[in-house]
Each structure stands twice: as C-alpha cells, then as structure tokens.
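Asks: The following block contains the structure, expressed as structure tokens.
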Amino acid sequence: MHRSPFYLLVLAFSVGAQEHTPEREKNPLAGRPDAVAAGQKTFEQACQACHGGGGKGSERGPSLTSGKFQRGGMDGEIFLNIRNGIKGTPMPPFSGFSQDQVWQLVSYVRSISGGTAQNGEAVDGNAQAGEQIFFGKARCAGCHEVNGRGGIVGPDLSAAGRQPADRLRAKILEPSTGTRRRSGNAVTVALKNGKRLRGIRTAEDTFTVHVMTLDGERHLLNKEPVAELNPEPGSLMPSNYGTQLSTAEIRDIVAFLKSRQERDLRQTAQAKIPGGLTYERLKNAAAEPQNWLTYWGNYNGAHYSALRQIDTKNVKLLQTKWAAQLPGDSLLQSTPVVVDGVMYTAGPPGQVFAFDARTGLQIWKYTRQRKAQNPYESNPFNRGVAVLGNRVFVGTLDAALVALDARTGLPLWETQVADTMQGYSLTMSPLAVKDKIIVGVAGGEHGIRGFLDAYDAETGKRAWRFDTVPGPGQFGSDTWKGDSWKMGGSGTWLTGSFDPELNLVFWATGNPGPDMNAEVREGDNLFSCSVIALDADTGLRKWHYQFTPGDDHDWDANEDLVLADQTIDGKPRKVLMQANRNGFFYMLDRTNGQLLFAKPFVKQTWNRGFAADGRPLWQENAKATVDGAVVYPSLVGGTNWQSPSYDAGSGLFYLMTSEAGQRFFKTAQNYEPGKAYWGGRAVALDEAPKAAIKAIDAATGTVRWQQPVSRGSLSAGVLATGGGVLFSSTQEGNLLALDAKSGTILWRTQTGGTISSSPISYSVNGKQYVAVSAGGVLYSLGLPD
C-alpha cells in the first residue's frame, strides 16, 4: 500500500500545556532491540516506498538517516507527525497504527538516524575547551553555525548532540565517508565565461541551480550559461583534522557538539548576522525600483513601481513566468518583498518562503506550529514580512513576532507580543525602521485593548509601546465612558508609513469596541479610527487626527497612509493622504496633523461637513440604533485595507471602491474575553453594491475616471507603474491591466482563484515582473523572452 513521505514537523505547545507535553514525550520503547526490529517491519510495509530502503530517501521522500529532522526531532514530535500526518504536505496520518506500532517506528527511525534526540550518552572531553577550538583553531565556524554563531555553508550544528559521539568523531576525521552525491552536497560549477564556483548546491531544478560558495554568497544561476556542473567526490570539510588536531582536541570538539541538543533562541537572539538590507537602502528605496523592499514598496506608502519595461503597448503580451503553490487552507493575502533577486513572502499562517524571484525556485521554507489557537479568531491570514539586514520578520496568529535568518530560514528569536486567547493576533507585515521592527495587533472585534509596539531587530526586546486605547492618566482617557477603555479595540493591523526626515512613524487605527454600540463607550474613543504620528525612537505621540470620532459603523481607519509633497492653495506642503473606509479622501499636513481638505469619493450620508479644527460633523440619525439606521457607506466601507497606489508624476491616487449602504443595529452584549464583541449588526439593503476602480486627483480630491467592475474586493489592491499601466483585480480572479490615464482595460487574465492580495512589480537582470497571489498560488508574470 502506497504511503506518502512524512516530513518531520515541529509541533508547538498547546494552550494551557504543562511542562510535560505530548511533543516532549520520550519513547517508552527506546533502546529495545525488539522495538527496532518491529519498527523496521512496519517501516518496510508502510514507509519504504517513499523514504527508500533503510530510510535513505528517494525521489518521493527525504532521507531519514542524517539525524536532522527539519520539522521536529524529539521523540514525541516524530510520534505525533506519524500519527497525525502533516497538514499541507503529502504526508498522511497513520491513525490506524497502535501507540506501540508508532513508538516502534520511532525506535527504528532513531536506529537509522543516529540515536535518540535525548540520548544521555556520556562522552569524554571538555565541552568548554571544545567550543574554543571549534570557533578558533579548527575554524569549524567558517562553514558551520551553532546557535547563529558561525557560517552557513555547512549544516547547522545547533542540535548536533542528538547524534552519537562516534558518528560525530567519524565525521570530523573522515568527512567524505558516507557522503551522497545529491542536491545540497559539494559541487564545482564552470560557467561558459570561464568563471568557476565551488560550494554547496542548495537548490536545483531542470533550468536553475543555486550554489552557495565558501564565502557564504548565494549564486542564483540559469543553467544556460553553465558549462559544467559536477558533484565533488566528497565533502568540502578539510580531511586533515586527524593530523592538525590532537586526540584530546578532537575529543573536546565532540564533547562540545554533544552538549548541543537543540537550537537555542536565547543564544541565536544574541548572534551577529552580517550583511543584508540596510536601513540606508530602505530610506532610499525609490532608487531601487528593481526591488520591492517593504510592504508598500518604500516608506512613503505609495505602492507604486517606477519600472517601465511593461507599458500600455506591450502589456497585452504578458504571460505567466512561474507559479508557486503554497500549501494551506487560507487564501493568500500576503504582499511579497523582493531584495536583490530573492522574494520573501508569507504563505498560509505559520509559513514563510524564500524564492528565486526570477524562476520561482524555492530557496528555503520556514514552518511554525501555533502554540495556541483562539477558536473565535476571525482573520486567519498573514499579509507579509519585513526584511532588515539578513533577518526576515513575521507575525503569527498566536500573537508572536519571529525573526528568521534571511539566508537560511532558521529562527533567530521569537517574542510573545500578546495573548491570542484574549483575541489578539498578528496578521500584518511588520515595518522595519532604523534598528527597530514595528508591529501592530489585530482583534478589534474581540474587545482587545489596542497598541503599537517596536522591538529591537537584533534581540527581539521591546523598545517602546504606544497604547491606542489610553488608560487612566493617559492623554485621551476621558474620551471613554467608565471602564470601557479596557475593551476599547482600536487595532493596528495594517502596516504604517515613515518619514525619515521628520523621524515620524504614521499609523492608522481600527474601530472602537464594541463595534456598533457606542452607548456603552460614550465619547470620541481616542485613538480609534485615527492616524497617529509617533516619534520613531521613543513611540511618543506628536499629533493625531481622528477620522471618525465615536464610530459605531466598524469604519476602521486601517487603510494606507500615503506621504507626498503637494502644493495646496499655492503653498508647498508635506502631506499625508488617505482614502478612508468612511467614504472620504483626506489630505493632512503631516508635520502637524492639520486637515487641509476632505472630499467624499463614494456616496456618504453620515457627515454634514467639518468644523474649523477639522472635526467631522455628524448628521442626525446617522448612528446605529436599536431599530436600525440606514447609513452610507456600508460596514465594508467606501474602500477597505486593499492597497491603493499613488503616482507622484501624474498626481493621481488610484483605488478600489465600493458604494453601498446598510442598516446598522445596536444591541446589548456582555463582553467575554477572546470572543467577538460587536454589540450589533449591519444588514444589507435591497440594492446591490457598486464596485469600481477609481482615479482621484490628489490635489483636489476630484474623481478623474472610474472603471466599474462586477465584484470588488476587501483585499485586492491596485498598482500603478512607470509604464503607464495600472494593475488591478476583481474578486472572482481576473487580473487586469488598465491605462492609468483613462482607466481603459488593456488586458486581462483569469487566474483561477480568488485574488485577495495586491500586486507588486520588480525586475531581475533587467526583466520586469508583476507578482500577485490568487487562491493559494503565487504568480509572477512578465513579457515573452
């Protein structure tokens, strides 16, 4: 009977777990020859077809003999992966096996992979002295890392102690023994131009090969210019350690390696990871149109690409260049980041990928199992990553912030930001500013108390926090009735913008809680539905502007904040623009938060104008009521969190819009931690919503053109480019190219999946690509070669 390969997965702690958890269970049959023999028989019957005889691997499944288990190497982890299978991979559950049969399989896998993960093997030698030799005289760290310290050409040895001492000793003295000629081993590459490379083959397909040379540099190569690609006969490790090191020194190194049982994030958080994307490059991202360095492309939030190879004349020739199926159950909402030919993106929650941006060849994949899951979560998505230096940062649904090594995908640190069982989650793409990673929280519909955090990029330690719902003694606390601030919402779940010259971070905030019942939280409810300007170094508030005071329509202000220089009434201004969910296009002076003007871009019935200080004036009967009040726009809003795009050259601001009203009801509701806390509902009217792509003259707020579409989207944004093409999409999966001047549709293709992400553009070796996700597939399109 055919069974798929089991890729061993790291399983995390469950909610409320004690110190002893299933994944830390030790094999009760460990060390018993009869268990190994029984496990071998079961393996041969159920697993060998994919993992090969003796578990040595095949085209169908990986080798199990290396002692390295990428998805969890503890006995209990292996047990659970065999018993439960691995979601999103070909590995099925073997739930029909008894517990003894599974433990027998674990025993056999251990026997062929170098012993137990928790083996208590006693070894001679001085581990402390061995560490000094490893990082000193022996120069092992030139290729190998231990807990983030050292090189990345060779395997990570942070958990080397899970292998028997004899095997470690043999590998040091005879490194080529048992080395297989397969992807990941030593190769020599001769290029047709005469250049030669020697290193490790880290990834390969029929047309592409990735080689990491001994200096740690990654080479992404087409095979066309490759004259020869030859596996080397053995390992790249020096073969003369037996003569260069004494017997005692070898023994000490083995003792040091045996002391390394797992990758220790307390130590990797202290590691110095050189190179990568600098803050100076992030500040000047506009000078690198070939890259897409942040969620919005650069700090100003324009979500615009200056690339012009694809233009209004040739866009009809666009074709798919590569596609990557990302396993999981949720629609992809992530916007990728592209740095020097490598695309980093979040897949379904818990997964991060690095791809060759030119070919789609996967360079590495990181998978993390949640430690806890709120059964009432409402947005099980991840919208992207941030890159700073050689670190990739991603938030998780169980409200943690994780830093990965951009070169390998290995974790460097993890910081718990909040408690997901209270309703918090991290769905947004973090923002890297200077030496900090800024991250906001989702959960406004769960009665959270919102905040915005900044963390040290190297260590994961929190640098500052700004509470978007002020408590007693904080500015704005008097805008909340009684203790309603404790469940005030005001999430910060969309990436902000940054002005390096002013040193200000601009961040938008979400709805107050409960969403529809303003009676229980009477007041303006600062800083909900606002933009806040914070000092990037300290998190101190410089100014704020509240778009919708005391909102009871779920009109989050979590929309893009675009920074630009504009001439308003004949005066040059540093401005901040936003098309808000409440139906208005706003222009603010970003130095002080002054409202310059606001103009509706869809039908609205809640606002009768603005006071001299910029405060909106509510229409009568525009608040949610017990009997239901009809108000425009709807709960979805005139637009939502999908990316707009701003072209400074034309002065046009592009966005997807929705025009509809709803009947808003308020109801009494008791707060329950972690559960939805709406306090009402919104009911659709008989009329159908009108969706359209629109171009707004940013200087005046006037709509210049609009292109109706049958189904808009809450999440599929637009992208303007230097070639005069505006890329957009519809919810049913059509990717569109429009003339940015007129809105005329120039080209379209059906992707076959719901598009819930915004397109980006980048180039590699002078060729422009447009990337977008549809359903569970990440596509990259370009012109014919």
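Asks: Sticking with the crude label model, points 7 Å out along Cα→Cβ, report the distance from Asp739 to Ala170 in nm, one decimal please.
Replies: Modelled inter-label distance: 7.2 nm.
Asks: Right, something else. Taking amide H positions as placed 1.01 Å from N in the peptide plane, with prolines and chain starts having none, which residues 5 or more places from Leu596, or on another chain, fall under 5 Å of its amide H?
Replies: Met587, Leu588, Asp589
Asks: Using amide H atoms built 1.01 Å from N in the peptide plane, name the residues 5+ places from Ala400, or on other chains, whose amide H lies under 5 Å from its own.
Replies: Result for Ala400 returns Val417, Leu426.
Asks: Over all directions, average the projected area of the Cα convex hull of the stretch 347-386 and note it in nm².
Replies: Average of the hull's projected areas for the stretch 347-386 equals 3.6 nm².
Asks: Mind jotting down the three principal axis lengths of the stretch 473-573 based on Cα atoms? Whole angstrom, largest first.
Replies: 43, 29, 23
Asks: Compute the length gained on full extension between Tyr671 and Gln362: take 0.36 nm times their separation in residues and subtract their Cα-Cα distance, giving the result in nm to one decimal.
Replies: The span from Tyr671 to Gln362 would gain 106.7 nm if fully extended.
Asks: Give the Kirkwood hydrodynamic radius (Å, one decimal) of the stretch 685-785, defined as one over the mean of 1/r across all pairs of different Cα atoms.
Replies: It is 14.5 Å.
Asks: Hey, for a label at Ser378 modelled as a point 7 Å past Cα toward Cβ, could you say which residues of the stretch 534-557 have their backbone N under 15 Å away?
Replies: What the label zone holds, given the 15 Å backbone N cut-off, is 551-557.
Asks: Can you give me the distance in nm between label points at Gln128 and Glu620, each placed 7 Å from the Cα along the Cα-to-Cβ direction?
Replies: 8.3 nm
Asks: What are the ³J(HN,Hα) values, in whole Hz, obtained from phi via the Karplus relation 6.51 cos²θ - 1.76 cosθ + 1.60 with θ = phi - 60°, for each residue of the stretch 680-696 in sequence order, with x given for Gly and Pro?
Replies: Residue by residue, the stretch 680-696 yields x, 7, 10, 10, 5, 8, 5, 6, 7, x, 10, 9, 7, 8, 10, 10, 10 Hz.
Asks: Related question: Report the extension gain between Ala612 and Thr320 in nm, rounded to one decimal, defined as 0.36 nm multiplied by the number of residues separating them, less their alpha carbon distance.
Replies: In short, 99.9 nm is gained.
Asks: For Thr206 paired with Ser58, estimate the spin-label separation in nm (one decimal), with each label point 7 Å from Cα along the Cα-to-Cβ line.
Replies: 2.2 nm
Asks: From the phi of every residue in the stretch 350-367, what ³J(HN,Hα) in whole Hz does the Karplus formula 6.51 cos²θ - 1.76 cosθ + 1.60 yield, where θ is phi - 60° and glycine or proline is x?
Replies: Computed from phi, the couplings for the stretch 350-367 are x, 10, 9, 10, 10, 10, 5, 5, 7, 10, x, 5, 6, 8, 7, 9, 10, 10 Hz.
Asks: Keeping every protein chain present and rolling a 1.4 Å probe, give me the accessible area per residue for the chain in Å².
Replies: Accessible surface, normalised per residue, equals 39 Å².
Asks: Here is a further query. Please compute the length gained on full extension between Ala37 and Lys542, using 0.36 nm multiplied by the number of residues separating them and subtracting their Cα-Cα distance.
Replies: 174.8 nm
Asks: A further question on this structure: Taking the alpha-carbon centroid of each part, what is the distance from the stretch 511-589 to the stretch 381-434 in angstrom?
Replies: 25 Å
Asks: Can you give the FRET efficiency for Asp697 and Lys574, using 1/(1 + (r/R0)^6), R0 = 25 Å, r = Cβ-Cβ distance, to the nearest 0.05?
Replies: After rounding to 0.05, the efficiency reads 0.85.
Asks: If one computes P(r) from the Cα atoms of the chain, what percent of pairs lie at distances over 43 Å?
Replies: 33 percent
Asks: May I ask you to evaluate 6.51 cos²θ - 1.76 cosθ + 1.60, the Karplus curve with θ = phi - 60°, for each residue of the stretch 765-780 and list the ³J(HN,Hα) values in order in whole Hz, giving x for glycine and proline?
Replies: Listing the rounded values in order: 6, x, 10, 7, 10, 10, 10, 7, 9, 9, x, x, 10, 9, 10, 10 Hz.
Asks: Still on this model: Could you pull the accessible area for Trp413 with a 1.4 Å probe, rounded to 10 Å²?
Replies: Probe radius 1.4 Å; accessible area of Trp413 about 0 Å².
The values are calculated or read from the model by the stated rules, or taken from the named source; none is laboratory data. Owing to the predicted nature of the structure, the values given are computational and were not obtained by experimental measurement. Note that each Cβ is placed from the backbone with ideal geometry, even for glycine, and that neighbours are counted across all protein chains shown. Note: areas computed on protein heavy atoms with side chains; ligands, DNA, RNA excluded. Shrake-Rupley method; radii C 1.70, N 1.55, O 1.52, S 1.80 Å.
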